[in-house]
Ligand SMILES: CC(C)(COP(=O)(O)OP(=O)(O)OC[C@H]1O[C@@H](n2cnc3c(N)ncnc32)[C@H](O)[C@@H]1OP(=O)(O)O)[C@@H](O)C(=O)NCCC(=O)NCCS
């Protein structure tokens with residue numbers, strides 16, 4: 001598996017991955033393209049067998065990083081792609097002198113919550129009716145170790 005910066009040619013594949021997960025907030029190819037104009041944004045691809053199998057997008061807003069979106073194609077689930085993408089996110093955060101990573105996740109999204117708790121995130125808040133005015137969002141945060149620690 002290769003984790004690398006995303007390229008324009010990846011965005012259609014990212015949109016197809018989003019479509020595999022009904023109910024997951026989709027950016028579409030245009031949404032990923034728009035991120036190129038955001039100097040704080042980083043979008044990475046997880047490549048398996050030469051094809052994008054997953055993606056992550058986050059914003060470096062020192063001293064925090066905001067994780068915006070992360071998804072893996074159905075064919076490649078439970079093979080460590082999301083963990084590898086999160087690992088790179090932690091590397092970027094440490095390199096950028098960020099101390100915390102924040103994200104929101106639907107309280108009903110058990111796979112994602114399990115993933116984040118396994119990676120050291122903790123619940124720091126809850127926003128009722130955040131998604132479609134129905135489901136609550138859990139606010140999760142992870143501490144980032146400074147590079148020299
Ligand atoms: C959540 C998601 C990104 C996980 O991707 P993944 O590549 O399958 O995750 P990994 O293989 O790296 O899993 C790492 C750990 O997370 C946990 N985990 C992942 N999927 C899980 C599931 N379906 N059920 C329970 N635990 C799960 C496990 O602890 C797993 O370790 P293990 O496989 O050794 O047991 C993927 O299910 C997905 O794309 N979901 C739809 C989009 C989404 O909800 N994104 C999160 C937005 S906040």
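The values are calculated or read from the model by the stated rules, or taken from the named source; none is laboratory data. These numbers come from a predicted model, not from an experiment. Glycine gets a Cβ as well: all are built from the backbone with ideal geometry, and neighbour counts include every protein chain shown.
For the stretch 112-149, a tally of residues being over 27 Å from residue 95 (Cα atoms) and in contact (Cβ under 8 Å) with a residue 12 or more places away in the chain returns 7. Per the listing 75, 45, 41, the residue uniquely more than 17 Å from residue 112 (Cβ to Cβ) and out of contact with any strand residue (DSSP E or B) (no Cβ under 7 Å at 6 or more places or on another chain) is 75.
Which ones in the stretch 88-110 are within 13 Å of the ligand (Cβ to nearest atom) and either in contact (Cβ under 8 Å) with a residue 24 or more places away in the chain or buried (at least 17 other Cβ atoms within 10 Å of the Cβ) (or both)? Reasoning before the result, please.
From the stretch 88-110, those within 13 Å of the ligand (Cβ to nearest atom) are 88-89, 101-110; that's our starting set.
Passing the criteria: 88, 89, 101, 102, 103, 104, 105, 106, 107, 108, 109.
When 56, 17, 60, 3 are checked against the criterion of being away from the ligand (no atom under 16 Å from the Cβ), surrounded by 13 or more Cβ atoms within 10 Å (Cβ to Cβ) and under 16 Å from the mean Cα position of the chain (by Cα), 60 stands alone in meeting it.
Would you mind stating whether residue 75 is exposed (fewer than 13 other Cβ atoms within 10 Å of the Cβ), within 15 Å of the ligand (Cβ to nearest atom) and either in contact (Cβ under 8 Å) with a residue 24 or more places away in the chain or not in a loop (DSSP other than H, G, I, E, B) (or both)?
Values: exposed (fewer than 13 other Cβ atoms within 10 Å of the Cβ): yes; within 15 Å of the ligand (Cβ to nearest atom): yes; either in contact (Cβ under 8 Å) with a residue 24 or more places away in the chain or not in a loop (DSSP other than H, G, I, E, B) (or both): yes.
When the stated conditions are applied, residue 75 passes them.
Of 142, 136, 146, 114, all but one fail to be modelled with pLDDT of 95 or more and more than 24 Å from residue 78 (Cα to Cα); the exception is 136. Cβ-Cβ distances below 7 Å connect the following pairs, each with a first residue in the stretch 18-36 that is in contact (Cβ under 8 Å) with a residue 24 or more places away in the chain, a second residue that is buried (at least 17 other Cβ atoms within 10 Å of the Cβ) and in a helix (DSSP H, G or I), and a separation of six or more residues or different chains: 24/18; 27/18; 32/11; 32/14; 33/11.
When you go through 86, 44, 61 one by one, which is the residue that is within 23 Å of residue 123 (Cα to Cα) and touching a helix residue (DSSP H, G or I) at 6+ places or on another chain (Cβ under 8 Å)?
Working: 44 fails: within 23 Å of residue 123 (Cα to Cα); 61 fails: touching a helix residue (DSSP H, G or I) at 6+ places or on another chain (Cβ under 8 Å).
Unique residue meeting the criteria: 86.
Residue 142 meets the stated requirement of being part of a strand (DSSP E or B), over 11 Å from the mean Cα position of the chain (by Cα) and either farther than 23 Å from residue 53 by Cβ or within 14 Å of the ligand (Cβ to nearest atom) (or both). Scanning the stretch 78-97 for residues that are touching a strand residue (DSSP E or B) at 6+ places or on another chain (Cβ under 6 Å), assigned to a loop (DSSP other than H, G, I, E, B) and within 22 Å of residue 22 (Cα to Cα) returns no hits.
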